[in-house]
């Protein structure tokens, strides 16, 4: 049977559900030192003095490390220098005279156990001189605002612009100009497993072995090796089971690098595991943008041009790809729409808050939110149905190059919208909305989102090796490194189809730089389209070699051989057959361990553009502001589907996060930059009662840029849900001019909006 396309259950879950998973905090070694980090309680301050003596005298404390114990100048972590100024905002390993966010590492304690290390960290005395905070990115632009990184010259760390056509002329001839001001709150990625590392010096081999909760083990190896000034083969990185990453574990953080550095310098094992309080302050936050947008529109609803100015709150420093993320917002800023003229400016701004970075969707949900809110604003201004506005402006030919530089590889945006409207019963809900406005009762709103995103970001290659073992089993080595996506299941299906075996006969190995020599990792919905394509090509190469060897042994033409059921047989003569194990053994006689193997580096010819259409129907209680999601339907196009159960899981998980962004989550801080989030008592993570039953459906327009035809699905919900929910809420409330609602649309915000609205809106005709 063909396994690609089958909904096989995740094979990884057997071990995890039985409690047999191995996470970083499960690792125990003799003579292991535990590290605790001393963090700044201030958002912006000068360090006057650090006194480690009391902590150093405590029994069980091995060392207290401050900036004076590091090479001078204090080393800084690498960051993608895509734009001028990024280098000036690189994160120091420990604070260098000035702290720029609450939670920044200032010192570290090494002790014989975790509790002693924590107690000692509290006794490291640090004298601070408070400096003026710069929390608001708009205030950061003011000439009177303190410059957080003097070497950068201003708080604008980089500026990037994109333009196409003649937007000025388009605005001059527009019948209507629709403006919109929007905000994206900061979000905490909040993975189930916080960050953690165990770094161990291997004296016999003169190298460092690192177990790290990461999405990118090979990149981590390279960065640690560069930091230590050694060749990459002197560092091994293992990503054991990873309890969620959502993009935020795609960087190597200063505390992780410090643990690796101290293990190398002291020739000891060092372990550090973050707690939830630290996680809210020290793991990068997601989102954090503001946008001023305008659309130039003709009377018939055609969007002629889009103009926008976006501020991205970078926080205090640029970590890894932090500067890259907001630039992706510009790439997807026109969404699924054919807009000829565009002018967009993005400025990355430093503030005295936790650095921002990738969070599920990483720049693309921001762009989708802006354009989908703008399309609804256009519809409201012209009195045209939001669905009709979208249909009028959809891209309808592929491939399509947007003025922002994005190439839409394939899609059928109109079909997705038609299908989701049909399934949700759009016309019936519009009738019900009118009935309630006339008769009274809790208002309902219908929100549409026709989203697109970019998948496969980063380097567009991935490595895979497939080996047919002499036993007849198949081993797959992949450079992708999962953290919950089900790669072992999906990749086993791809290899099983190519080699005619049961997926249970396939072993998939990943996440260990000693086992898999090279790889990029797992992020940006790239794993199946790029990593899976590498597996498919390697498995096809093994199949060709199997047929070549079997052709010689069976004295049959290659075209007369069938590979299925773990055998190679002559078509029409089932008695003339060999098992795959026999073929593997015969491939290299005398070498019982050789088998048949193929290694492939697959390089995609471009990124993929997944898409979808979502509709949310909400009801609002005017007395409490409570939102009830009555229906949520998502029709998504992720190209070819290898395993529909895995796709379903990704859609449900991302929808939970997207809905939570719309109505619940926000990392708030006070005027001094002090986070007001310390635990899940302060941060509104969604519970089962707050995530509605969602209905999903898939379209398949295959991508031409990879052999599987897949596009990616992991970020569909975080991209599509926020604008669908917020558009629905605004459709229900119909706020008057001057009443501003943005994410998260909490019950309190809605309660206040109802009272600002005053007299109910007259019934619709």
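Every number here is computed from the coordinates shown, using simple stated rules; none is lab data. Note that the coordinates shown come from a computational prediction; the quantities given were computed from them, not determined experimentally. Virtual Cβ from ideal backbone geometry, glycine too; neighbours counted across all protein chains shown.
Hey, what did the range 457-603 get for relative contact order, percent, Cα under 8 Å, at least 6 apart?
On the way: 299 pairs, mean separation 51.2, N = 147.
About 35 percent, as a whole number.
If packing is taken as the average count of other Cβ atoms within 10 Å, what order do 256-267, 551-562 fall into, highest mean first? Please list the in-between numbers first.
Working: 256-267: 21.8, 551-562: 14.1.
For the peptides 256-267, 551-562, the packing ranking is 256-267, 551-562.
So what's the back-of-envelope 222 nm ellipticity for the chain, counting only DSSP H runs of four-plus at -39500 (n - 2.57) apiece and dividing by all residues, rounded to 500?
Details: 19 runs with 214 residues, N = 765.
Calculated from helices alone, the mean residue ellipticity at 222 nm is -8500 deg cm²/dmol.
Which order do the peptides 462-469, 172-179 take when ranked by the mean count of other beta-carbon atoms within 10 Å per residue, highest first? It would help to have the intermediate numbers written out before the result.
Details: 462-469: 25.1, 172-179: 14.0.
So the order, starting with the most tightly packed, is 462-469, 172-179.
If you rank 375, 32 by fewest surrounding Cβ atoms within 10 Å, what's the result? List each step's numbers first, then the result.
Working: 375 26, 32 18.
With the fewest neighbours first, 375, 32 line up as 32, 375.
Determine, for 413, 253, the number of other Cβ atoms within 10 Å of each Cβ, and report the residues in order from fewest to most.
Arranged by neighbour count, lowest to highest, 413, 253 become 253, 413.
Tell me which label goes with the value of Rg and Dmax of the Cα atoms in Å computed from the coordinates here: [x] 26.5, 81; [y] 35.2, 136; [z] 27.6, 89.
[z]
Viscosity 0.890 mPa s, temperature 25 °C: give me the Stokes-Einstein translational D for the range 451-519 in µm²/s, with Rh taken as the Kirkwood radius over C-alpha pairs.
After rounding, the answer is 188 µm²/s.
Shape call for the range 554-689 from the C-alpha gyration tensor, a ≥ b ≥ c root eigenvalues: rounded (a/c under 1.5), prolate (a/b greater than b/c) or oblate? All intermediate terms of the calculation are to be shown ahead of the outcome.
Working: a/c = 3.86, a/b = 2.59, b/c = 1.49.
Taking the square roots of the gyration eigenvalues as a ≥ b ≥ c, the range 554-689 is prolate.
When the convex hull of the Cα atoms of the range 71-166 is projected onto a plane and the area is averaged over all directions, what value comes out in nm²?
Details: hull surface 39.1 nm².
For the Cα atoms of the range 71-166, the hull's average projected area reads 9.8 nm².
Cα extents of the range 620-697 along the three principal axes, largest first, in whole Å?
Projected onto its principal axes, the Cα set of the range 620-697 covers 49, 32, 18 Å.
Find, to one decimal place in angstroms, the Kirkwood hydrodynamic radius of the range 344-453, where the mean of 1/r is taken over every pair of different Cα atoms and then inverted. Display every interim value, and only then the final one.
Numbers: mean 1/r = 0.0592 Å⁻¹.
Every distinct Cα pair counted, the radius reaches 16.9 Å.
At 25 °C and 0.890 mPa s, what whole-number value in µm²/s does Stokes-Einstein give for the translational diffusion of the range 136-237, with Rh from the Kirkwood sum over Cα pairs?
Numbers: Rh = 19.6 Å.
Roughly 125 µm²/s, to the nearest whole number.
Given the alpha-carbon gyration tensor of the range 457-603, what are the semi-axes of its equivalent ellipsoid in whole angstrom, ordered largest first, with each equal to the square root of 5 times an eigenvalue?
On the way: eigenvalues 171, 41, 31 Å².
For the range 457-603, the semi-axes come out at 29, 14, 13 Å.
Give me the Kirkwood hydrodynamic radius of the range 22-107 in Å, from all C-alpha pairs, to one decimal place? Numbers along the way, then the final one.
On the way: mean 1/r = 0.0655 Å⁻¹.
Evaluated on the range 22-107, it is 15.3 Å.
Counting every Cα pair in the range 41-85, what percent are over 15 Å apart?
Numbers: 665 of 990 pairs.
Beyond 15 Å sits 67 percent of the P(r) for the range 41-85.
What order, most packed first, do the peptides 564-574, 91-101 have when packing is the mean number of other Cβ atoms within 10 Å of each residue?
On the way: 564-574: 15.2, 91-101: 22.6.
Most protected by this proxy first, the peptides run 91-101, 564-574.
Give the separation of the Cα centroids, the range 582-618 to the range 387-448, in Å.
So the two Cα centres are separated by 36 Å.
Once all Cα-Cα distances of the range 235-369 are split into 5 Å bins that start at 0, what whole-number percent is in each one?
Whole-percent P(r) values from 0 Å outward: 2, 9, 16, 17, 14, 12, 9, 7, 5, 4, 2, 1, 1, 0, 0.
Based on a Kirkwood Rh over C-alpha pairs, give the Stokes-Einstein translational diffusion coefficient of the range 598-751 at 4 °C and viscosity 1.567 mPa s in µm²/s. Walk me through the numbers on the way to the answer.
Numbers: Rh = 17.5 Å.
It comes out at roughly 74 µm²/s.
Quick check: Cα centre of the range 699-732 to Cα centre of the range 75-101, how many Å?
34
Using a/c under 1.5 as the rounded threshold, could you call the range 1-152 rounded, prolate or oblate? The axes a ≥ b ≥ c are square roots of the C-alpha gyration tensor eigenvalues, and prolate needs a/b larger than b/c, oblate otherwise. Before the final figure, lay out each step's value.
Numbers: a/c = 2.67, a/b = 1.29, b/c = 2.07.
The shape class here is oblate.
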